[in-house]
Amino acid sequence: MQLLQQESLPEGTVIITDRQLAGRGQRGNSWEAVSGQNLTFSMVLRPRFLPIQDQFLLNISISLAISDFLTDLQLSGAAIKWPNDLYAGSKKLGGILIESSLKNAQLEWSVIGIGINVNQKEFSVPTATSLALELGCDHSLQQLLDQLLKALEVRYLQLMKQKKTQELRREYLERMYWLGEWHLFETEGKQFTGKIVGIDPRGKLAVLHQQEEQLHYYGIQQIRYLA
């Protein structure tokens, strides 16, 4: 983002680091990554073709690309946890952070930050995992980066053509973590049992409350997954 303010970077520019000193997630959450063991990089895109009200489609596209990549690695149980996490079973494998700039009511650029746990085997929290732990072997970070960038390009070009947006939404839902299952959630300090049934056109999470038998919509940081 600093480079974008100083110069005009071409679309597709990738900045990667082996040692991330200040990994960030949504709304100030931190991201832990041991030096030289994981994929931590950012990519510059210029999705000016995408209407602002549809910008969650970019999140969908990036999430599906990483899901495709994980499927190619024969990882079982991979799922997309709304809005920006990648899970293997019940543990977090990776995360996405998209930060965009608007100009004249148009998306000027987006920085796609991606972190994927690859060879790290020990974490400070029990809810994290890595490809090494899930697949039982270490991987070449450069080889995985090449594979992932190809998957990202395929999905981004699909989005750019804007001919299959409904298909993108459908695929996203098919791979969504906890979709159609009753689970415990929390919102505004109150716990409730609910079932994720989808997302609205703006990307808000649609959850059916069991007790009320009513559908509620939640934005980022408005709901917590509990159990």
Can you tell which of I62, I66 is more than 27 Å from A227 (Cβ to Cβ), in contact with a helix residue (DSSP H, G or I) (Cβ under 8 Å, 6 or more places away or on another chain), modelled with pLDDT of 95 or more and surrounded by 14 or more Cβ atoms within 10 Å (Cβ to Cβ)? I62
When you check G89 against the structure, is it under 9 Å from the mean Cα position of the chain (by Cα) and either over 23 Å from D18 (Cβ atoms) or crowded, with 21+ Cβ neighbours inside 10 Å (or both), yes or no? no
Residue under question is V111, and the condition is that it be open to solvent by less than 20 Å² (accessible area, probe 1.4 Å) and β-branched (V, I, T); does it hold? yes
Suppose the filter is at pLDDT below 95, open to solvent by less than 20 Å² (accessible area, probe 1.4 Å) and assigned to a loop (DSSP other than H, G, I, E, B); does P83 pass it? yes
Would you please list the contacts, defined by Cβ atoms under 8 Å and residues six or more apart or on different chains, that run from a residue in the stretch 216-227 that is open to solvent by less than 40 Å² (accessible area, probe 1.4 Å) to a residue that is charged (D, E, K, R) and modelled with pLDDT of 95 or more? Y218/K204; G219/K204; I223/E186; Y225/K81
Selection over the stretch 9-33 where residues are open to solvent by less than 100 Å² (accessible area, probe 1.4 Å), modelled with pLDDT under 90 and not acidic (D, E) yields a count of 10
Condition set open to solvent by 90 Å² or more (accessible area, probe 1.4 Å) and not in a loop (DSSP other than H, G, I, E, B), scope the stretch 159-207, selection farthest from Y87 (Cα to Cα): answer is K161
Every residue in the stretch 134-150 that is open to solvent by 20 Å² or more (accessible area, probe 1.4 Å) and either within 15 Å of L86 (Cα to Cα) or in contact with a His (Cβ under 9 Å, 6 or more places away or on another chain) (or both), please. E134
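The values are calculated or read from the model by the stated rules, or taken from the named source; none is laboratory data. Every value quoted in this text rests on a predicted model; they were computed, and no experiment measured them. Quick reminder, even Gly has a Cβ in these numbers, built from the backbone with ideal geometry, and neighbours come from all protein chains shown. Just the protein is used for accessible areas: all its heavy atoms, side chains included, with ligands, DNA and RNA removed. Shrake-Rupley method; radii C 1.70, N 1.55, O 1.52, S 1.80 Å.
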